[in-house]
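Participant: What follows is a structure written as structure tokens; I'll ask about it next.
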Amino acid sequence: MANIVTSACCVVLAAVVVVYAQRRSQQGGRIQYEMIGSDVTMMCATLESDASVTWKVNGTDVKADKVEGPRLILKEVALASNALYSCFENPAGDLKDQITLRVGEPPKEPVVTCRSNTYPKGFYCTWHLPRPSYIPTEFEVSVKHGNKKLEVQKDTVHKNRCHVKYPELFSTNKYKVNVVAINALGNSSTYISFDEFSIVKPDPPEKLVANPVPNNVRRLEVTWNNPSTWPDVENFPLKYFLRYRPLILDQWQHVELSDSTSHTITDAYAGKEYIIQVAAKDTEIGTWSDWSVAIHATPWMEVPRQQITTTTEVGIAETSPSPAPPSAKPQLSAAMGGSSVLTWSANLFIASVLVLFMCWC
């Protein structure tokens, strides 16, 4: 009994696997690549020419005037024609085929650039299409030094970049790079050749800093680091090109420096904010790097002393007195002052009475 149950389970599991595989096949369908602007015919599987078929695009019915038997005809396809097309055989409406239409163009000649920012270790090459092809495009790269084919290592981060090690230094043989672009609609290639010294270009200097010089209103102390990608600055030293200007002007001032990663600007305008950049180059070969990230700095400025005006403070005190506190109960000294006032008032009253009496008489 157990064997019968086990066998039945195996049969059911196998059937489920087959159905799942069929559905996956139907859902994925096949991909048909066509050129932009062309007329396209899609065939519904291998049905006979007189078969009755219904087509859907992304689940929506296609107009009957585009259907001829098992064929679907599209005029002057564009990028908007990209979709999943499904065909169903009438009258049962069984799904017979699925086609993913991808519209694009054959690739144009790729633009190829090679550069050595890690001299003397090696160089890298990058490439891109001058205009998109809209469909998947692969690239094949080959590099030769003289007649010797060199190993090409694809970059792990950048899709359209490869790295090549120098087989020897100071060689007079040219490097030859060929990049072929390939997709379902065609292919094209670009070939370049160059000398070793012509592609040397360091990365920009790093960690550029400018600090004011204390007690000097026209100086800025500028420092920077060698590019971290440059592997051997001792045997292959760099020189530098510094530029700076105040923000209020458009004209740059320049200083070229040999084997130094610092410079003191001595002619800055007092109190003006400056923008500063630096570039690097091998002392013998190659070209200048791009400019470093720009930084801003302002020379030292003397802080004005805070002036204190005593007379003003006194005047404010006199014209704006604090309100007096409420009167307290009279103290001994206050009672004595009151007695004197009463005595003087009594004398004045007696004198007034005497004057009135004399006048009456």
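The values are calculated or read from the model by the stated rules, or taken from the named source; none is laboratory data. Predicted, not measured: the structure shown is a model, and the values here were computed from it. Here the Cβ positions follow ideal geometry from the backbone for every residue, glycine too, while neighbour counts run over all protein chains shown. To get the accessible areas, we keep the full protein, side chains included, count just its heavy atoms, and leave off ligands, DNA and RNA. Shrake-Rupley method; radii C 1.70, N 1.55, O 1.52, S 1.80 Å.
Participant: Using the structure shown, decide if Val233 is of a type outside the set (S, T, N, Q) and free of Cβ contacts under 8 Å to residues at least 24 places away in the same chain. Write out each step before concluding.
Facilitator: Numbers: of a type outside the set (S, T, N, Q): yes; free of Cβ contacts under 8 Å to residues at least 24 places away in the same chain: yes.
Considered against the rule, which asks whether it is of a type outside the set (S, T, N, Q) and free of Cβ contacts under 8 Å to residues at least 24 places away in the same chain, Val233 comes out as yes.
Participant: Still on this model: With (1) open to solvent by 20 Å² or more (accessible area, probe 1.4 Å); (2) of a type in the set (A, V, I, L, M, F, W, C); (3) in a loop (DSSP other than H, G, I, E, B) as the list, and Ala80 as the residue in question, which single condition is left unmet?
Facilitator: Failing condition for Ala80: (3).
Participant: If you don't mind, another one. In region 69-85, what residues are without any contact (Cβ under 8 Å) to a residue 40 or more places away in the chain and over 36 Å from the mean Cα position of the chain (by Cα)? Can you show your working first?
Facilitator: So the first thing to find is which residues in region 69-85 are without any contact (Cβ under 8 Å) to a residue 40 or more places away in the chain, and the list is 69-76, 80, 82-83.
Passing the criteria: Gly69, Pro70, Arg71, Leu72, Ile73, Leu74, Lys75, Glu76.
Residues are listed down the side, and each one gets a yes or a no for (1) under 27 Å from Ser228 (Cβ atoms); (2) at pLDDT 95 or above; (3) in contact with a helix residue (DSSP H, G or I) (Cβ under 8 Å, 6 or more places away or on another chain):
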| site | (1), (2), (3) |
| --- | --- |
| Cys114 | yes, yes, yes |
| Tyr124 | yes, yes, no |
| Trp127 | yes, yes, no |
| Pro130 | no, yes, no |
| Lys154 | yes, no, no |
| Arg161 | yes, yes, no |
| Asn178 | no, yes, no |
| Ser188 | no, yes, no |
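Participant: Now for a separate question. Filter region 156-195 down to residues that are of a type in the set (Ser, Thr, Tyr), touching a residue at least 60 places away in the same chain (Cβ under 8 Å) and open to solvent by 40 Å² or more (accessible area, probe 1.4 Å), then give me how many there are. Steps first, please.
Facilitator: The initial filter retains those residues of region 156-195 that are of a type in the set (Ser, Thr, Tyr), namely 156, 166, 171-172, 175, 188-191, 193.
Filter again for touching a residue at least 60 places away in the same chain (Cβ under 8 Å), leaving 175, 188-190.
Narrowing further to those that are open to solvent by 40 Å² or more (accessible area, probe 1.4 Å): 189.
Of the residues in region 156-195, 1 are of a type in the set (Ser, Thr, Tyr), touching a residue at least 60 places away in the same chain (Cβ under 8 Å) and open to solvent by 40 Å² or more (accessible area, probe 1.4 Å).
Participant: Scan region 263-285 residue by residue and report those that are hydrophobic (A, V, I, L, M, F, W, C) and not in a loop (DSSP other than H, G, I, E, B).
Facilitator: First pass over region 263-285, keeping only residues hydrophobic (A, V, I, L, M, F, W, C): 265, 268, 270, 275-276, 278-280, 285.
Scanning region 263-285 gives Ile265, Ile275, Ile276, Val278, Ala279, Ala280.
Participant: I need the full set of residues from region 230-257 which are surrounded by fewer than 13 Cβ atoms within 10 Å (Cβ to Cβ) and in a loop (DSSP other than H, G, I, E, B), in order please. Write out each step before concluding.
Facilitator: Of all residues in region 230-257, those surrounded by fewer than 13 Cβ atoms within 10 Å (Cβ to Cβ) come to 232, 234-235, 247-252, 254, 256.
Residues satisfying the conditions are Asp232, Glu234, Asn235, Leu247, Ile248, Leu249, Asp250, Gln251, Trp252.
Participant: Please find, within region 29-54, the residue that is farthest from Tyr85 (Cα to Cα) out of those that are small (Gly, Ala, Ser) and in contact with a strand residue (DSSP E or B) (Cβ under 6 Å, 6 or more places away or on another chain).
Facilitator: Residues of region 29-54 small (Gly, Ala, Ser): 29, 37-38, 45, 49, 51-52.
Then drop every residue that is not in contact with a strand residue (DSSP E or B) (Cβ under 6 Å, 6 or more places away or on another chain), which leaves 29, 45.
Details: Gly29: 9, Ala45: 12 Å.
Checking each candidate, the answer is Ala45.
Participant: Considering only residues of region 263-280 that are under 17 Å from Val209 (Cα atoms) and among the hydroxyl-bearing types (Ser, Thr, Tyr), which is least open to solvent (accessible area, probe 1.4 Å)?
Facilitator: Selected residue: Tyr274.
Participant: Return yes when Arg115 is outside any loop (DSSP other than H, G, I, E, B) and under 22 Å from Glu196 (Cβ atoms) and no when it is not.
Facilitator: Values: outside any loop (DSSP other than H, G, I, E, B): yes; under 22 Å from Glu196 (Cβ atoms): yes.
Taking the combined requirement at face value, the residue satisfies it.
Participant: While we're looking at this one, here's another question. Out of curiosity, is Ser260 at pLDDT below 95, among the polar types (S, T, N, Q) and either exposed (fewer than 13 other Cβ atoms within 10 Å of the Cβ) or assigned to a strand (DSSP E or B) (or both)? It would help to see each step written out before you state the result.
Facilitator: On the way: at pLDDT below 95: yes; among the polar types (S, T, N, Q): yes; either exposed (fewer than 13 other Cβ atoms within 10 Å of the Cβ) or assigned to a strand (DSSP E or B) (or both): yes.
For Ser260, the condition - at pLDDT below 95, among the polar types (S, T, N, Q) and either exposed (fewer than 13 other Cβ atoms within 10 Å of the Cβ) or assigned to a strand (DSSP E or B) (or both) - is met.
Participant: So which residues in region 42-77 are among the polar types (S, T, N, Q) and surrounded by 12 or more Cβ atoms within 10 Å (Cβ to Cβ)?
Facilitator: Scanning region 42-77 gives Ser52, Thr54.
Participant: Continuing with the same structure: May I ask you to list the residues in region 90-115 that are open to solvent by 60 Å² or more (accessible area, probe 1.4 Å) and in contact (Cβ under 8 Å) with a residue 40 or more places away in the chain?
Facilitator: Across region 90-115, the qualifying residues are Lys96, Arg102, Lys108, Glu109, Val111.
Participant: Of the conditions (1) in contact with a helix residue (DSSP H, G or I) (Cβ under 7 Å, 6 or more places away or on another chain); (2) among the polar types (S, T, N, Q); (3) under 23 Å from Asp282 (Cβ atoms), Thr118 fails just one. Which one is it?
Facilitator: All conditions pass for Thr118, except number (1).
Participant: May I pose another question? Does region 89-107 hold any residues that are over 16 Å from Asn58 (Cα atoms) and within 47 Å of the chain's Cα centre (by Cα), and which are they?
Facilitator: The answer is Gly104, Glu105, Pro106, Pro107.
Participant: For Lys149, state whether it is open to solvent by 40 Å² or more (accessible area, probe 1.4 Å), without any contact (Cβ under 8 Å) to a residue 12 or more places away in the chain and part of a strand (DSSP E or B). Can you show your working first?
Facilitator: Numbers: open to solvent by 40 Å² or more (accessible area, probe 1.4 Å): yes; without any contact (Cβ under 8 Å) to a residue 12 or more places away in the chain: yes; part of a strand (DSSP E or B): yes.
The answer is yes for Lys149.
Participant: From the set of residues in region 196-216 that are over 21 Å from Asp282 (Cβ atoms) and among the hydrophobic types (A, V, I, L, M, F, W, C), which is most open to solvent (accessible area, probe 1.4 Å)?
Facilitator: At the first step, the residues of region 196-216 found to be over 21 Å from Asp282 (Cβ atoms) are 209-216.
Then drop every residue that is not among the hydrophobic types (A, V, I, L, M, F, W, C), which leaves 209-210, 213.
On the way: Val209: 62, Ala210: 16, Val213: 37 Å².
Checked region 196-216; the qualifying residue most open to solvent (accessible area, probe 1.4 Å) is Val209.
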